[in-house]
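Please read the structure below before turning to the comments.
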Amino acid sequence: MEIRRVMLPIATDEFDKTVAFYKKITGKEVDITAEHDGYKLSAIDSFVVLGAVSSPKALEIPSLVHAIFIVDDLQPFWEILSKVAKNIIIPINRVSTGIRFIVEQPDGKIIEYLQLNE
């Protein structure tokens, strides 16, 4: 049970400009791209830029997320958080990048836990 990486989500109305900005300030290229739940995403270094594809409503939940914890094995985290979370926003589900859940933790932070596809 390990948190391998912490990423910061950046929801934006100007997806391409925002991706270009984070590439510029990090000096890195996009290393993950995906699309699901009505939005697209590009990961650059420790940032995940999110832009609506269908409508701005698609970013309602992603805009709430304070951080994304990339984990080695989702199940042990779910066993803990499903019992102690203030609120389960999205239970375990499959997305294009892997499996995830989103919870409001006891400290009030909204965190997405994500186990990436192999």
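Would you mind telling me the share, in percent, of accessible area of the range 50-118 contributed by carbon and sulfur at probe 1.4 angstrom?
On the way: 1920 of 3540 Å².
With neighbouring chains kept in place, the figure for the range 50-118 is 54 percent.
With bins 5 Å wide starting at 0, give me the P(r) of the range 75-118 over every alpha carbon pair, in whole percents.
Bin by bin from 0 Å, the calculated values are 6, 25, 34, 20, 11, 3, 0.
Give, as a single signed number, the net charge of other residues whose beta carbon lies under 15 Å from the beta carbon of Thr33, with Lys and Arg counted +1 and Asp and Glu -1. Can you show the working numbers first?
Details: positive: Lys23, Lys28, Lys40; negative: Asp16, Glu29, Asp31, Glu35, Asp37, Asp45.
Net of charged neighbours comes to -3.
What chymotrypsin sites (Phe, Trp or Tyr not before Pro) in the range 1-103 are in a loop by DSSP, with at most 12 other Cβ atoms within 10 Å of the Cβ? Each step should come with its number before you reach the end.
Details: sites: Phe15, Phe21, Tyr22, Tyr39, Phe47, Phe69, Phe77, Trp78, Phe101; in loops: none.
Sparse-neighbourhood loop chymotrypsin sites (Phe, Trp or Tyr not before Pro): none present.
Taking 0.36 nm per residue of separation and subtracting the Cα-Cα distance, what length does fully extending Ala67 through Asp31 add? Let's see the in-between values first.
Working: separation 36, 0.36 × 36 = 12.96 nm, distance 1.78 nm.
Extra length available between Ala67 and Asp31 comes to 11.2 nm.
How large is ³J(HN,Hα) for each residue in the range 37-43, as worked out from phi by the Karplus curve 6.51 cos²θ - 1.76 cosθ + 1.60 (θ = phi - 60°), to whole Hz, x for Gly and Pro?
Per residue, the Karplus-derived 3J(HN,Hα) values read 6, x, 9, 10, 9, 9, 9 Hz.
Could you list which residues have their amide H under 5 Å from that of Asp45, counting only those 5 or more apart in sequence or on another chain, with H placed in the peptide plane?
Result for Asp45 returns Asp31.
Each residue of the range 62-77 in turn: what ³J(HN,Hα) in whole Hz from Karplus with 6.51, -1.76, 1.60 and θ = phi - 60°, glycine and Pro shown as x?
Per residue, the Karplus-derived 3J(HN,Hα) values read x, 5, 7, 6, 7, 7, 10, 9, 7, 10, 6, 8, 5, 4, x, 5 Hz.
Measuring with a 1.4 Å probe in the full set of protein chains, what accessible area per residue, in whole Å², belongs to the chain? Numbers along the way, then the final one.
Working: 6620 Å² over 118 residues.
Value for the chain: 56 Å² per residue.
Any lysines with Cα under 19 Å of the Lys86 Cα? List them, leaving off those in the same chain fewer than 8 positions away.
Lys86 reaches Lys109.
Taking a cut-off of 16 Å between Cα atoms, list the lysines near Lys17, but don't count ones fewer than 8 places away on the same chain.
Lys28, Lys40
Where the convex hull is taken over the Cα atoms of the range 1-54, what is its projected area averaged over directions, in nm²?
Working: hull surface 16.4 nm².
The directionally averaged projection comes out at 4.1 nm².
Which number comes out as Rg/Rh for the chain once both Rg and the Kirkwood Rh are worked out on C-alpha atoms?
On the way: Rg = 14.0 Å, Rh = 14.5 Å.
Taking Rh as the inverse mean 1/r over Cα pairs, Rg/Rh reads 0.96.
The values are calculated or read from the model by the stated rules, or taken from the named source; none is laboratory data. Everything quoted here is computed from the prediction, not taken from an experiment. Cβ atoms come from the backbone with ideal geometry, glycine included; neighbour counts cover every protein chain shown. Just the protein is used for accessible areas: all its heavy atoms, side chains included, with ligands, DNA and RNA removed. Shrake-Rupley method; radii C 1.70, N 1.55, O 1.52, S 1.80 Å.
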